[in-house]
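Visitor: My structure is below; once you've seen it, I'll send some questions.
The values are calculated or read from the model by the stated rules, or taken from the named source; none is laboratory data. Please read these numbers as outputs of a predicted model, since none were measured by experiment. With ideal geometry, Cβ positions are generated from the backbone for all residues, glycine too; neighbour counts draw on all protein chains shown.
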Amino acid sequence: MHRPGMKFAAAATLMTVGMALSVACARAATIEVANGQSAILALSRAAPGDTLHLAAGTFQGDVVVALPGLTIEGDPGAVVVGSGTGDAMRVTAPDVTIRGLTIRGSGMSLIDKNSGIFLDRTADRALVADNRLEDNLISVYLDGPHDAVVRDNHIQGLRTLRRTERGPAISLWNTPGSRIIDNDIRSGRDGVFSVSSSRNVVRGNSFHDLRFAVHFMYTNDSEVAGNLSEGNEVGYVMMYSDRLRVHDNVSDHDRDHGVLFNYANASRIEGNVVRGSEKCVFFYNASKNRFADNWFEGCQIGIHFTAGSERNEITGNAFVGNRIQVMYVGTQLLDWSVNGRGNYYSDNPAFDLNGDGIADTAYRPNDLMDQVIWRAPAAKLLLNSPATQVVRWAQAQFPALHPGGVIDTAPLMAPVRPHALARLAP
């Protein structure tokens, strides 16, 4: 039973809150900062919710933003330059927005996480948007805030350093719910490097001239979607992370691997495209994943699958024109078909007499001689010997002689073409 006056008290409380918000909004002001004036001095005159608007020109960095709800924005040509020590801009309050600026001049200490923009753990719901971050050791560091957003920025790392000496372009540590969206990232060490975090989204970014485009360590329940990695050492590296969704990404001529899964489990890897790497996919000790409807083309090895990777679903993938379609070194028998639907292999000379889209015979990508050569590379000298030909002929005539390994009992006659293929240049 409600006590008399409860509804009145609730209404009064709501009215008070509304009035407080109205007063706060009314007090919010825009502070114009002209070229030659001090942004730091202007910041000392600001109140929570205010906007600092910087005119075109160069402004002293090493700015610390400690006011909740503050916005710092600039006209085209507004440049904030740090002193070369510490952070060019540091945010320690929630709901802060930084947009429309060029930011450069961070310090050079990786141990101290020197950054162009450093978001402290108190900087929940920060927005970093439409900026140019140039020649910073780390461009944006999210050090624990919740639900921060970094989007539509152009990031250029320190090209004067060797790649191993650079910091990541965007670094995430324990920043649940944060999103990295639609950024253009070049010349850092890793494009997005996430450690010990969760519920993150990395979507719609483009990555160039990096070691790894996206690198997850101990980052669970997160999504990597619709990104483009082009000409990096490795595209998408998922390590010690569970329950990921990795979908609709493109890796175009990344040098070593397009996708690397290492101790990453219970994830869905779907609709991705990899072209022109040494290995399209390297799967190492990763279990209970669904690997479906991806496109792997023109790699030296389509997929290298090894080291205790178990209970994975591998279905609907297209292996197109890879020198070695599948490399599996092991004795366990693995059927790469799920509910009567396997994968497409461009070198499979099969027939489909009943027209159901499934080949009439199973596909075995590896034979006994493949296993021998991968375990003892010196055996390549015997590839053209009569003994090798006899072994392969015997396996063709007597399938029971095949060792354990991958078999696809329902190979597809035509490939599934993921939507991400349309993003590849011809």
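Visitor: Would you please name the residue that is surrounded by the most Cβ atoms within 10 Å (Cβ to Cβ), looking only at residues in segment 270-308 that are more than 14 Å from VAL237 (Cα to Cα), of a type in the set (S, T, N, Q) and without any contact (Cβ under 8 Å) to a residue 40 or more places away in the chain?
Guide: ASN289
Visitor: In segment 231-246, what residues are among the hydroxyl-bearing types (Ser, Thr, Tyr) and either within 20 Å of ARG275 (Cα to Cα) or part of a strand (DSSP E or B) (or both)?
Guide: Once the filter is applied, which keeps residues that are among the hydroxyl-bearing types (Ser, Thr, Tyr) and either within 20 Å of ARG275 (Cα to Cα) or part of a strand (DSSP E or B) (or both), segment 231-246 yields only TYR236.
Visitor: Something else: Give the residue, chosen from ALA55, ALA47, ALA29, ALA42, that is more than 19 Å from ARG104 (Cα to Cα), surrounded by 15 or more Cβ atoms within 10 Å (Cβ to Cβ) and of a type in the set (A, V, I, L, M).
Guide: Just one listed residue meets the conditions, ALA42.
Visitor: What are the pairs, 6+ residues apart or on separate chains, where a residue within segment 403-426 that is polar (S, T, N, Q) has its Cβ under 7 Å from a residue that is surrounded by 15 or more Cβ atoms within 10 Å (Cβ to Cβ) and part of a loop (DSSP other than H, G, I, E, B)?
Guide: The qualifying pairs are THR409/SER337; THR409/GLY342; THR409/ALA362.
Visitor: A further question on this structure: Scan SER251, SER267, SER229, SER241 and give me the residue that is of a type outside the set (Val, Ile, Thr), touching a Cys at 6+ places or on another chain (Cβ under 9 Å) and either closer than 18 Å to ASN200 by Cβ or touching a residue at least 24 places away in the same chain (Cβ under 8 Å) (or both).
Guide: Of SER251, SER267, SER229, SER241, the one residue that is of a type outside the set (Val, Ile, Thr), touching a Cys at 6+ places or on another chain (Cβ under 9 Å) and either closer than 18 Å to ASN200 by Cβ or touching a residue at least 24 places away in the same chain (Cβ under 8 Å) (or both) is SER251.
Visitor: May I pose another question? Of all residues in segment 38-57, how many are in contact with a strand residue (DSSP E or B) (Cβ under 8 Å, 6 or more places away or on another chain), at pLDDT below 95 and either assigned to a loop (DSSP other than H, G, I, E, B) or hydroxyl-bearing (Ser, Thr, Tyr) (or both)?
Guide: Summing the residues that are in contact with a strand residue (DSSP E or B) (Cβ under 8 Å, 6 or more places away or on another chain), at pLDDT below 95 and either assigned to a loop (DSSP other than H, G, I, E, B) or hydroxyl-bearing (Ser, Thr, Tyr) (or both) in segment 38-57 gives 2.
Visitor: Next question, about the same structure. Given GLY177, GLY231, GLY144, which one is within 21 Å of THR92 (Cβ to Cβ), among the small types (Gly, Ala, Ser), modelled with pLDDT of 95 or more and surrounded by fewer than 18 Cβ atoms within 10 Å (Cβ to Cβ)?
Guide: That would be GLY177, the only listed residue that is within 21 Å of THR92 (Cβ to Cβ), among the small types (Gly, Ala, Ser), modelled with pLDDT of 95 or more and surrounded by fewer than 18 Cβ atoms within 10 Å (Cβ to Cβ).
Visitor: Only residues that are in a loop (DSSP other than H, G, I, E, B), touching a Phe, Trp or Tyr at 6+ places or on another chain (Cβ under 7 Å) and modelled with pLDDT of 85 or more: list them for segment 395-414, please.
Guide: PRO411, ALA414
Visitor: If you don't mind, there's one more thing I want to ask. Of the residues LEU127, LEU101, LEU119, LEU110, only one is touching a Leu at 6+ places or on another chain (Cβ under 9 Å) and surrounded by fewer than 22 Cβ atoms within 10 Å (Cβ to Cβ); which?
Guide: LEU110 is the lone residue from the list that is touching a Leu at 6+ places or on another chain (Cβ under 9 Å) and surrounded by fewer than 22 Cβ atoms within 10 Å (Cβ to Cβ).
Visitor: Could you tell me how many of the residues in segment 180-197 are surrounded by fewer than 24 Cβ atoms within 10 Å (Cβ to Cβ) and outside any strand (DSSP E or B)?
Guide: 2
Visitor: Which members of segment 239-280 meet the condition of being closer than 23 Å to ARG417 by Cβ, among the charged types (D, E, K, R) and touching a Ser or Thr at 6+ places or on another chain (Cβ under 9 Å)?
Guide: ARG245, ASP252, ASP254, ARG275
Visitor: So, in segment 122-144, of the ones that are among the polar types (S, T, N, Q) and more than 20 Å from the chain's Cα centre (by Cα), which residue ends up farthest from SER196 (Cα to Cα)?
Guide: ASN131
Visitor: Right, another one. Which one is farthest from GLY105 (Cα to Cα) among residues in segment 145-173 that are among the acidic types (Asp, Glu) and either part of a loop (DSSP other than H, G, I, E, B) or under 16 Å from the mean Cα position of the chain (by Cα) (or both)?
Guide: Across segment 145-173, the extreme among qualifying residues is ASP147.
Visitor: Out of all the residues in segment 288-302, which are under 19 Å from the mean Cα position of the chain (by Cα) and either modelled with pLDDT under 95 or outside any loop (DSSP other than H, G, I, E, B) (or both)?
Guide: Selection gives ARG290, PHE291, ALA292, TRP295, PHE296.
Visitor: Quickly run through segment 76-90 and pick out the residues that are under 17 Å from ILE111 (Cα atoms) and either part of a loop (DSSP other than H, G, I, E, B) or out of contact with any strand residue (DSSP E or B) (no Cβ under 6 Å at 6 or more places or on another chain) (or both).
Guide: Residues satisfying the conditions are GLY84, THR85, GLY86, ASP87, ALA88.
Visitor: Across segment 207-225, what is the total count of residues that are over 10 Å from the mean Cα position of the chain (by Cα) and under 20 Å from ILE185 (Cα atoms)?
Guide: Summing the residues that are over 10 Å from the mean Cα position of the chain (by Cα) and under 20 Å from ILE185 (Cα atoms) in segment 207-225 gives 5.
Visitor: Continuing with the same structure: Please determine whether any residue of segment 170-178 is under 22 Å from PHE283 (Cα atoms) and either in contact with a Lys or Arg (Cβ under 7 Å, 6 or more places away or on another chain) or hydrophobic (A, V, I, L, M, F, W, C) (or both).
Guide: The answer is no, given that none of the residues of segment 170-178 is under 22 Å from PHE283 (Cα atoms) and either in contact with a Lys or Arg (Cβ under 7 Å, 6 or more places away or on another chain) or hydrophobic (A, V, I, L, M, F, W, C) (or both).
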